[in-house]
Amino acid sequence: MATPLSPVLDCTEFAAVEGRYELLQDISLDHVLSHSVIPTYVSSVAVKYKDYLNAGDGSRGHGKQASADSTLSASSLDRLEERLNINLKEERGEEEDNDDTPSGYKSPRGGMMSPGLPPKDLTSGRLSDPYSQFGPAPPMQQQQHGLKSLSRAGSYYSQGGDDNGSSQASSTIGSSAGTNSTFVAKITTHENLAKILANRTGEDVYLFWNTGRTFTWSGLGQKPNEPLSHISFTKAFPTSHDVNILTRSCDHLDVIIGFSTGDIMWFDPLCNKYYRLNKQAIIKDSAVTMIKWMPGFESQFMVAFHDGSILIMDKERDDNAFSAPTPPNDNIFRVTRPKHGKHNPISHWQVSKKPITAFAFSPDLQHVAVVSMDGYLRIIDFRNERLLDTFSAYFGALNCVSWSPDGKYILTGGQDDLVTIWSFKDQRIVARCQGHQSYVTGVAFDPWRCDERNYRFGSVGEDAKLLLWDFSVGALHKPKAHA
């Protein structure tokens, strides 16, 4: 097994048997305070711009490829800038919807909101931060004059005035849109966003991540202190998000975000549009612990909650009041489907009495592996909604889970400081990997270094270590056959 180097705080590269690993980018956002319990969750998505660039010169129909220095035509650029522009004067005069009653929810197909629209918050009487049991959240950074904007200065935010309160103009590279919303405090976009998107060629990689009460969209290789878009929330903490790979395109991205208040937000950063689901806890009053798009579906997603339940929802459907029956036993997997069939949720799973920490879909798009604070790994046939198998951790809760690219093995990590390898076909543990000195918080296979006989995977933990592991199928222990 590969043994990593000793941890170094400012390490930018390390050596391995097959070569050297270098740090590609180090992103640090000033004045963005993290939460002591809710971790930073990062995802990436690659988008090809070739077809979009060719659309301006009519070469798409002829199958021609764009050259390296291709750019959008002037008319295309104007249309893109117009779409990305936030017209606050017009939008502030409208209301997102009527939140006085659940029936006031606006259909996602008929009423998408842009950042300037003021969505009302209906969290009165509900738990504003279910994670408060773990201690107080860090205070939000107070800024003068209310609005913040992106700046070329060393800090991520710059105030509109100096310390004495004078309205001194600053050199900015972005625009900040304050809202009347009690959920979204502000959306800050790069002022040259349209030109940045228009001048990109080939394939680009976008990064999305949450820190504290903020959600950030950036481009890989871009200046770390100049993100493309930055959303600040008033009360809720983003806990998980996912980008729909099936529907991604050069001018459209479906991003789904879950929050500590139970709210769910659909967000398209390219169109600057968003809307909320599960408002006023109409479906579930519990913190979101993980959210992912359903593989093979354009609009359906799966969301796990702090109360041990899982919902299957559709971003194209309206929400409707829902109450799931309480299962008689803690370990019973129970599926409830609403009778109406035309609103969210599509289905409700009661998986555990303890919080669900993570889940992962299998490569065959048939199964989902779920881990939770009760220390169990559950394998569920999500197409037929059947519990297939249940495994127990060596000790404590399980925090993370991942499938091998061929679907033969499942990795889990948890509070036992171990990385466990499970054989899905044999339904048993094949190895427990010791190397971390604290909770294991993330595991993942390297698809480029996995074949039928040898596998490479990585793990990270609260000991601030990234470990790389290799295992061979031939070296795994096989129990002796009975006489």
Mind ranking 391-400, 258-267 by how tightly packed they are, going by the mean number of other C-beta atoms within 10 angstrom, highest first? 258-267, 391-400
Show the residues, 5+ positions off or on another chain, whose built amide H is closer than 5 Å to the amide H of A397. Q415
Could you derive backbone 3J(HN,Hα) for segment 194-202 from the dihedral phi with the Karplus parameters 6.51, -1.76 and 1.60 (θ = phi - 60°), listing whole Hz in sequence and x where the residue is Gly or Pro? 4, 5, 4, 5, 6, 8, 8, 10, x
Packing-based order for 370-377, 188-195, using average beta carbon neighbours within 10 Å, highest first: 370-377, 188-195
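Among 302-312, 445-455, 356-366, 38-48, how do they line up from the highest to the lowest mean number of other beta-carbon atoms within 10 Å? Numbers along the way, then the final one.
On the way: 302-312: 23.5, 445-455: 13.3, 356-366: 18.4, 38-48: 15.5.
Order by mean packing, descending: 302-312, 356-366, 38-48, 445-455.
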Tell me the Rg and the Dmax, in Å, that the Cα atoms of segment 221-359 produce. 15.7, 54
In sequence order, calculated HN-Hα J values of segment 350-360 (Karplus, 6.51, -1.76, 1.60; Hz; x Gly/Pro): 9, 9, 8, 8, 9, x, 7, 9, 6, 8, 8
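Readers should treat all values here as calculations from the given coordinates under stated rules, not as data from a laboratory. The structure displayed is predicted, hence computed values, not measured ones. Every residue, glycine as well, gets a Cβ built from its backbone with ideal geometry; the counts of neighbours run over all protein chains shown.
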